[in-house]
1. Among the strands (runs of 3 or more DSSP E) lying completely within the stretch 192-293, list those that include at least 2 residues that are more than 30 Å from Thr428 (Cβ to Cβ).
2. Just one of Thr149, Thr169 is part of a helix (DSSP H, G or I) and either of a type in the set (A, V, I, L, M, F, W, C) or not assigned by TED's automatic domain parsing to the domain that holds Glu466 (or both); which is it?
3. Could you list, ordered by first residue, the pairs with Cβ atoms under 8 Å in which the first is in the stretch 98-110 and closer than 14 Å to Thr149 by Cα and the second is among the basic types (Lys, Arg) and assigned to a strand (DSSP E or B), at least 6 apart or interchain?
4. Which numbered condition in (1) surrounded by fewer than 20 Cβ atoms within 10 Å (Cβ to Cβ); (2) of a type outside the set (Phe, Trp, Tyr); (3) farther than 14 Å from Thr177 by Cβ is the only one that Asn202 fails?
5. Please name all residue pairs, on different chains or six or more residues apart, with Cβ atoms under 7 Å, provided the first residue is in the stretch 79-96 and is in the same structural domain as Thr48 (by TED's automatic domain parsing) and free of Cβ contacts under 8 Å to residues at least 12 places away in the same chain and the second residue is assigned to a strand (DSSP E or B) and buried (at least 18 other Cβ atoms within 10 Å of the Cβ).
6. Being surrounded by fewer than 20 Cβ atoms within 10 Å (Cβ to Cβ) and modelled with pLDDT of 85 or more is the filter here, so list the residues in the stretch 154-176 that pass it.
7. Provide a single number: the residues in the stretch 1-44 that are of a type in the set (A, V, I, L, M, F, W, C) and farther than 29 Å from Arg408 by Cβ.
8. If I filter the stretch 115-145 down to residues being touching a residue at least 40 places away in the same chain (Cβ under 8 Å) and surrounded by fewer than 18 Cβ atoms within 10 Å (Cβ to Cβ), which single residue comes out as farthest from the chain's Cα centre (by Cα)?
Amino acid sequence: MQGTQPAISMRDISKSFGRIQANSRVSLDINRGEILALLGENGSGKTTLMNMLSGIYFPDSGHIEIDGKPVTIGSPKDAFTYGIGMIHQHFKLVNVFTATENIVLGLKEPGGYDLAAATKRIEQICQTYGFDVDPNQKVYDMSVSQKQTVEIVKVLYRGAEILILDEPTAVLTPQETDKLFAVLRNMREDGKTVVIITHKLNEVKDISDRVVVLRKGEYVGELITAEASTEEMTNMMVGRQVTLNIDRPDPEMKYRMERIRVRNLTVKTRDGVTKLDDVSFSAYTGEILGIAGISGSGQKELLEAIAGLQPVENGSIEYQVDDDQVEQLIGMDPIKIAGMGVVLSFVPEDRLGMGLVGSMDLTDNMMLRSFRNGPTPFTDRKEPKHLAELVVDELKVETPGVDTEVRRLSGGNVQKVLVGREIAAAPTVLLSAYAVRGLDVNSSYMIYDLLNRQKGNGVAVIYVGEDLDVLLELCDRILVLCGGKVSGIVDGRTTTKNEVGLMMTRLGGGEAQ
């Protein structure tokens, strides 16, 4: 690739949002026919930089060149004009439309839409690159990986030569990830350029040709993937030596007790769709129980049911206070559960929708958990502010101060605030849904350490995770869900990634415990 004209050159790109400097004089090249990985800690400006390339944001200063010529990209439409398309973490599809209808939606075709011709062209694209898409399938009937495939085909249909994928494997099984990577390699062989924003270093090593690292909004450097180690990449991201080892101490037998007992749990939505079907398991004190499954397999509903946030159709959820006292949690709301002396810390999947209030600052968000404890209707901000400062310091939250509105933080820093607040509640049961989603590798390892500390304190930790490598390293036992049912429960120390992946698609099974 050296000696050839870069497909894209970004020169001295800067972008700020109020007091937060997202990018500062970033310059990098993207070469034709390569897979480039963009790495950096949370708040380092990776997504913001790519959002400027795809027309979502406009730079405060600097310029972009395509094939050596300066261009102005003021909208996603401009980006498509130059052959640039971005696939975001949150898909922009209409559920009641078919794949074809979603792919052509918004295009101005001469003479109107010709769905038959569009379907034929979509089939040709799929055949060329190895996509598995039924053009006539409704989006609401698709798996997460199928929806992602539709998004990728959509930008290819619009003529994209340069594709940007933001955390593309976040909710995929290992088998689905392998299929995606095979497609991306086919695209590279066809001369397409792919940029991947990801936190999974093992995937960077597997798929990319080159790595560009950002730190605190600035360009740090680049590496040829084949010549770099994961340690080098991590050290460049963080700016110092980092040890990438997840400790997994044996469960403390002195704390061993069946803290949560779930039996025959069934949960349905208001319109009668079954999300959990006859689920049974136990969570013990002093252990980390992992929950694995394809996105939408009932993980969210399971944790919400235990936390008192989800109505239950059938079954029981028991909380064992001590050897002689057991409390039934079904029918209790979160406030009543706390009033019974049961401390449940819940880190929800939707961090701003459920966990934090974006328009409030860090101190006020800390106070959301403690305001009922005051002796008067007037709240005391002293302790919540101290807690906010503690979380910022311990989890290295990138923020101008604790009086900053949470919505002004990057997604990863929002997650740190939420996890820090919940763990600080000194729970006896910690329910964690995607605690490290969107977090960089260094921040993720901080969270793993905090979870292990809770385990060492005798807390029953239930950890819903997406990264099977982490689940296998961190968890003592792993419960696998598939379509709302339990495929099995396996030992985290002896199972394999492939076994769990097969169980997630109901091709394997283990003995439930």
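1. The qualifying strands (runs of 3 or more DSSP E) are 193-197, 210-215, 218-224.
2. Answer to the check: Thr149.
3. Hits for this filter: Thr98/Lys138.
4. With (1) surrounded by fewer than 20 Cβ atoms within 10 Å (Cβ to Cβ); (2) of a type outside the set (Phe, Trp, Tyr); (3) farther than 14 Å from Thr177 by Cβ applied to Asn202, the lone miss is (3).
5. If the second residue must be assigned to a strand (DSSP E or B) and buried (at least 18 other Cβ atoms within 10 Å of the Cβ), no pairs are left.
6. Tyr157, Arg158, Gly159, Glu161
7. Residues meeting the conditions: 3.
8. Thr128
The values are calculated or read from the model by the stated rules, or taken from the named source; none is laboratory data. No experiment lies behind these values; they were computed from the predicted model shown. All Cβ positions, glycine included, derive from the backbone under ideal geometry; neighbour counts span all protein chains shown.
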